[in-house]
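First comes the structure, then the notes that go with it.
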Amino acid sequence: MASEIICLGIESTAHTFGIGIASSENGVLVDVKSVYKPPFGAGIHPREAAQHHCEEAPSVLNQALKEFSRKIDSVDAVAFSMGPGLGPALRTGATVARALATWLNKPLVPVHHAIAHIELASLLTGAKDPLVILVSGGHTTITAYADRRWRVFGETEDITLGNLLDVFARESSLPSPGGPAVESLAKKGGKFIDLPYVVKGNDVSFSGLLTAAKKKLQMNCDLKDLCHSLQEVAFSMVAETSERALAFTEKKEVLLVGGVAANERLQQMISEIACEHNASFYVVPKRYSGDCGAQIAWTALLVYRSGIEIKVEKSYVKPKWRLDQVAIPWRDE
Ligand code: AMP
Ligand code: MG
């Protein structure tokens, strides 16, 4: 039996400061996080998120080490989310990771945040070679693996699906994060309010939809109906482009990941297209749908075992790191 490898991973791309610890033999061992909540009515300011991460890092780390029932020395590598994300927030997590790796004299491993969403979801669902629909605060991306890379088959041209829901919720004085609040109101609404549906090629664009929904709000449209209609239009755009990608790639699995994957209506729409194409539908467990350290720790194991690490003095964060720029040596062809 191969000897066990243990990685500690740090997530800090946006709202969440998280630390996970994962084992090559036993999967996720520890997952602790603290989520930044902006003041009511405001969005996430990168500097304030970074400040939150600075303040929370010691207690999150202490708690993670407490839950890890072994000596810290048994950690083989320290990993961090190197991008994409908010620069100041990324730099805070990177600083903690560099300090820990240096202190422990262990390798430092760079992890791409989107790949981390996909890899942990693959582990937890058992999906092997899926068409992935990644919908979160930072991504709206339809992707499939081919020839050592995740290839992008569709993405947003402007704001993400999570951002659309969060900003709309903020404008409607709903609590943060907006997605769950919009979802629960949408379940009570039923009347469809016409909103713009914008698909360009295989990409989606949500900014016009957001502007139109905000205008309807000012016209005193019923908020429940508006939440319902916003979800129907935005999710249909994602479903249409996902279906085209599924028809093109002929994948036999569809995997829904990212924070917005927790939405039941979106799950229903995507499972329907999977079913029509005779593909199995998988969704990341809700507990691990949003950003977390476990995603980074688990993916770090795959990266590290492929021989990839980074020198501390070269470990700059990459706020605009694209998914399809990352070579993936660990997946089967
Ligand atoms: P992440 O960036 O992966 O941590 O995901 C955060 C995003 O997921 C935020 O935009 C949330 O509003 C969104 N989200 C969380 N739960 C739900 C839900 N039930 N429905 C829709 N969006 C959600
Ligand atoms: Mg994310």
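The values are calculated or read from the model by the stated rules, or taken from the named source; none is laboratory data. Note that this is a predicted model, so its numbers are computed, not measured. Here Cβ is always computed from backbone atoms with ideal geometry, including for glycine, and neighbour counts include all displayed protein chains. Quick note on the areas: whole protein, heavy atoms, side chains included, nothing else; ligands and nucleic acids left out. Shrake-Rupley method; radii C 1.70, N 1.55, O 1.52, S 1.80 Å.
Of all residues in segment 246-263, those that are under 16 Å from Arg151 (Cβ atoms) have Cβ atoms under 8 Å from Cβ atoms of residues that are among the basic types (Lys, Arg), 6 or more apart or on another chain, in Glu253/Lys128. Does segment 236-250 contain any residue that is within 16 Å of ligand 2 (Cβ to nearest atom) and either open to solvent by 40 Å² or more (accessible area, probe 1.4 Å) or in contact with a Lys or Arg (Cβ under 8 Å, 6 or more places away or on another chain) (or both)? No: segment 236-250 contains no residue that is within 16 Å of ligand 2 (Cβ to nearest atom) and either open to solvent by 40 Å² or more (accessible area, probe 1.4 Å) or in contact with a Lys or Arg (Cβ under 8 Å, 6 or more places away or on another chain) (or both).
Identify, from the list Thr141, Thr160, the residue that is more than 9 Å from ligand 1 (Cβ to nearest atom), under 15 Å from the mean Cα position of the chain (by Cα) and in contact (Cβ under 8 Å) with a residue 12 or more places away in the chain. It is Thr141.
Which count do you get for residues in segment 253-270 that are surrounded by 21 or more Cβ atoms within 10 Å (Cβ to Cβ), within 16 Å of ligand 2 (Cβ to nearest atom) and among the aliphatic types (A, V, I, L, M)? Total satisfying the criteria: 6. Considered as a group, the residues in segment 169-182 that are surrounded by fewer than 20 Cβ atoms within 10 Å (Cβ to Cβ) and in a helix (DSSP H, G or I) include one that is farthest from ligand 2 (Cβ to nearest atom), and that residue is Glu171.
Which of the residues belonging to segment 126-137 are open to solvent by 10 Å² or more (accessible area, probe 1.4 Å) and more than 16 Å from ligand 1 (Cβ to nearest atom)?
Residues of segment 126-137 open to solvent by 10 Å² or more (accessible area, probe 1.4 Å): 126, 128-129, 137.
Residues satisfying the conditions are Gly126, Lys128, Asp129.
Wholly within segment 1-113, which strands (runs of 3 or more DSSP E) include no fewer than the required count, namely at least 1 residues that are open to solvent by 70 Å² or more (accessible area, probe 1.4 Å)? Strands (runs of 3 or more DSSP E) meeting the threshold: 27-35. Mind listing just one residue for me: the one in segment 198-231 that is under 21 Å from Leu185 (Cα atoms) and of a type in the set (Ser, Thr, Tyr) and, of those, least open to solvent (accessible area, probe 1.4 Å)? Step by step, filter segment 198-231, then rank; the result is Ser229.
For every residue, the table says whether it meets (1) crowded, with 19+ Cβ neighbours inside 10 Å; (2) within 16 Å of ligand 1 (Cβ to nearest atom); (3) in the same structural domain as Val32 (by TED's automatic domain parsing).
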{"residue": "Gly293", "(1), (2), (3)": "yes, yes, yes"}
{"residue": "Thr299", "(1), (2), (3)": "yes, yes, yes"}
{"residue": "Leu302", "(1), (2), (3)": "yes, no, yes"}
{"residue": "Lys314", "(1), (2), (3)": "no, no, yes"}
{"residue": "Val317", "(1), (2), (3)": "yes, no, yes"}
